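Here is the structure we will look at, set down as structure tokens.
The values are calculated or read from the model by the stated rules, or taken from the named source; none is laboratory data. Everything quoted here is computed from the prediction, not taken from an experiment. So basically every Cβ, Gly included, is an ideal-geometry build from the backbone, and we count neighbours across all protein chains shown.
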Ligand code: BES
Ligand code: MN
Ligand code: MN
């Protein structure tokens, strides 16, 4: 372990330079214009795994973007860690809101990251965090201190729903046999408050279309006489929450697992400042479901949010028109034991039922995913806890996150494996937003912490 840590210290600058090169390739999975760059990124990840010392490095073709697989199996008596991450990124738009170009990484100091942060799309989500595992692996191999067999599965479609990874996992159960899955694609509370993510929300995502008249109409000649699809859509959406901000879809909460008072009290111990929270996103108050704290609203409670809404005239000046159609994209974040297909069906039935006469409503489901929770009384969690303690010098706290990584529930279902979520990002790192960044402290601390997980996991595994 000492050699691994000194290898890391001696190679810090190169580790950073290599990440910067990786961030220059625009691996936007959602936009077909970037398909060649996505493939190039897979090549680059594969090459870095080869250079690090992995044995079977493969670029596995799928119906979509490729999956990079690699392994180092050197002792069948040792446990096997399967590292999952993604090399694809979200689209960079709106580009003009970036203070430096999204695919030209630069290091800038911020209030939260006084030692500097790398600004680039994917810096935190997830190229930076995924690459920490490649570098930690390299350090362990080159120092001859690897204590577990390792498999890597790095995909290029996480940001578009991981549907081909689902197929890959189902078809390659033998290849993916392991004892634990390790992922860095989440966050922690603060740089001096390490935390381990113990839960992810699920997702149901729908697009709705409301049609009124068969063409756009003069709003003077027809206004007041026909259902205006935009008015109707706004009204329908507004009705999805009641005055306490509970969701009104019948059956929506039926399967929600309520936390016990003891669990909620435990959760309330995590440091949270409402004032800092408001300040960080420039709002003067929080808003949400009655009876729950902001921390709870953002993690253990299901939500419904409009992600986009459009229709009608949006050009300069005023055009007097009633649009024929109105649209919205709506996400529902789910918690155990809600089932995304069931929730989509409940939404659909309800939304169609509340559509007034004179309109026609179509609901189209998009990709979704199941929620996941990790128990804290497992050797995987304990090993992660040991690892954070070794590098941060303080105990980490378990925190359920509001985000989703749908493949985590699938790993459990298909491979029977739990996932340990060792995230090093911060909520303020602006993932999916303009000016995404990742602290140098976080990048290096992640690389230093991961080898401790391997050591702790193999120790605890052998004791079992
Ligand atoms: N890495 C994120 C998820 C995340 C971020 C979880 C921070 C916890 C903390 C992941 O890349 C992501 O963006 N997931 C999507 C879902 C996916 C189906 C597009 C999400 O949560 O919106
Ligand atoms: Mn991610
Ligand atoms: Mn993401």
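Applying the selection to region 153-174, what residues are away from ligand 2 (no atom under 16 Å from the Cβ) and either part of a loop (DSSP other than H, G, I, E, B) or buried (at least 24 other Cβ atoms within 10 Å of the Cβ) (or both)?
172, 173, 174
Can you work out which of the residues in region 405-417 that are closer than 16 Å to residue 170 by Cα and in a loop (DSSP other than H, G, I, E, B) is farthest from ligand 1 (Cβ to nearest atom)?
Checking each candidate, the answer is 416.
Among the listed residues 420, 450, which satisfies the condition of being at pLDDT 95 or above, in contact with a helix residue (DSSP H, G or I) (Cβ under 6 Å, 6 or more places away or on another chain), more than 16 Å from ligand 3 (Cβ to nearest atom) and not in a helix (DSSP H, G or I)?
On inspection, the qualifying residue turns out to be 420.
Does region 428-437 include one or more residues that are within 16 Å of ligand 3 (Cβ to nearest atom), under 14 Å from residue 191 (Cα atoms) and part of a helix (DSSP H, G or I)?
yes
Does region 178-195 hold any residues that are away from ligand 2 (no atom under 14 Å from the Cβ) and closer than 20 Å to residue 406 by Cβ, and which are they?
178, 180, 181, 182
Restricting to region 18-36, count the residues that are surrounded by fewer than 19 Cβ atoms within 10 Å (Cβ to Cβ) and under 14 Å from residue 156 (Cα atoms).
So the count comes out to 5.
Look at region 126-168 and say how many of its residues are more than 12 Å from ligand 1 (Cβ to nearest atom) and within 27 Å of residue 455 (Cα to Cα).
Looking only at that region, the number is 24.
Among (1) within 16 Å of ligand 1 (Cβ to nearest atom); (2) surrounded by 15 or more Cβ atoms within 10 Å (Cβ to Cβ); (3) in contact (Cβ under 8 Å) with a residue 40 or more places away in the chain, which single condition is residue 280 missing?
Just one mismatch for residue 280, condition (2).
Would you be able to say whether some residue in region 217-233 is in contact with a helix residue (DSSP H, G or I) (Cβ under 9 Å, 6 or more places away or on another chain) and either touching a residue at least 40 places away in the same chain (Cβ under 8 Å) or not assigned by TED's automatic domain parsing to the domain that holds residue 91 (or both)?
no
Given the residues 305, 316, 341, 349, which is the only one that is out of contact with any helix residue (DSSP H, G or I) (no Cβ under 8 Å at 6 or more places or on another chain) and within 24 Å of residue 165 (Cα to Cα)?
341
Looking at 112, 118, which is the one that is assigned to a strand (DSSP E or B), over 27 Å from residue 408 (Cα atoms) and touching a helix residue (DSSP H, G or I) at 6+ places or on another chain (Cβ under 8 Å)?
None of the others qualify; the one that does is 118.
Looking at 89, 68, which is the one that is crowded, with 19+ Cβ neighbours inside 10 Å and under 12 Å from residue 152 (Cβ atoms)?
Testing whether each residue is crowded, with 19+ Cβ neighbours inside 10 Å and under 12 Å from residue 152 (Cβ atoms) leaves just 68.
Going through region 140-152 one residue at a time, which ones are surrounded by fewer than 20 Cβ atoms within 10 Å (Cβ to Cβ) and in a helix (DSSP H, G or I)?
141, 142
Please give the number of the condition residue 347 fails out of (1) in a loop (DSSP other than H, G, I, E, B); (2) touching a residue at least 40 places away in the same chain (Cβ under 8 Å); (3) under 30 Å from residue 227 (Cα atoms).
For residue 347, the exception is condition (1).
Being under 22 Å from residue 308 (Cα atoms) and more than 29 Å from the chain's Cα centre (by Cα): is that true of residue 232 here?
yes
Restricting attention to region 244-256, does a residue exist that is in the same structural domain as residue 347 (by TED's automatic domain parsing), touching a strand residue (DSSP E or B) at 6+ places or on another chain (Cβ under 7 Å), crowded, with 16+ Cβ neighbours inside 10 Å and within 26 Å of residue 335 (Cβ to Cβ)?
So far as region 244-256 goes, yes, one or more of its residues are in the same structural domain as residue 347 (by TED's automatic domain parsing), touching a strand residue (DSSP E or B) at 6+ places or on another chain (Cβ under 7 Å), crowded, with 16+ Cβ neighbours inside 10 Å and within 26 Å of residue 335 (Cβ to Cβ).
Return yes or no: is residue 109 in contact with a strand residue (DSSP E or B) (Cβ under 8 Å, 6 or more places away or on another chain) and free of Cβ contacts under 8 Å to residues at least 12 places away in the same chain?
Criteria met by residue 109.
So that you can scan it fast, the table gives a plain yes or no per residue for (1) within 30 Å of residue 108 (Cα to Cα); (2) in the same structural domain as residue 162 (by TED's automatic domain parsing); (3) not in a helix (DSSP H, G or I):
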site: 15; (1), (2), (3): yes, yes, no
site: 20; (1), (2), (3): yes, yes, no
site: 30; (1), (2), (3): yes, yes, yes
site: 38; (1), (2), (3): yes, yes, no
site: 46; (1), (2), (3): yes, yes, no
site: 49; (1), (2), (3): yes, yes, no
site: 55; (1), (2), (3): no, yes, yes
site: 65; (1), (2), (3): no, yes, yes
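What are the residues in region 53-65 that are exposed (fewer than 15 other Cβ atoms within 10 Å of the Cβ) and in contact (Cβ under 8 Å) with a residue 24 or more places away in the chain, if any?
Correct list: 63 only.
On the given criteria, is residue 93 within 16 Å of ligand 1 (Cβ to nearest atom), without any contact (Cβ under 8 Å) to a residue 12 or more places away in the chain and either more than 26 Å from residue 7 (Cα to Cα) or in the same structural domain as residue 10 (by TED's automatic domain parsing) (or both)?
Spelling it out, residue 93 is indeed within 16 Å of ligand 1 (Cβ to nearest atom), without any contact (Cβ under 8 Å) to a residue 12 or more places away in the chain and either more than 26 Å from residue 7 (Cα to Cα) or in the same structural domain as residue 10 (by TED's automatic domain parsing) (or both).
Do we find a residue being within 16 Å of the chain's Cα centre (by Cα), within 30 Å of residue 304 (Cβ to Cβ), within 16 Å of ligand 2 (Cβ to nearest atom) and at pLDDT below 95 anywhere in region 435-442?
no
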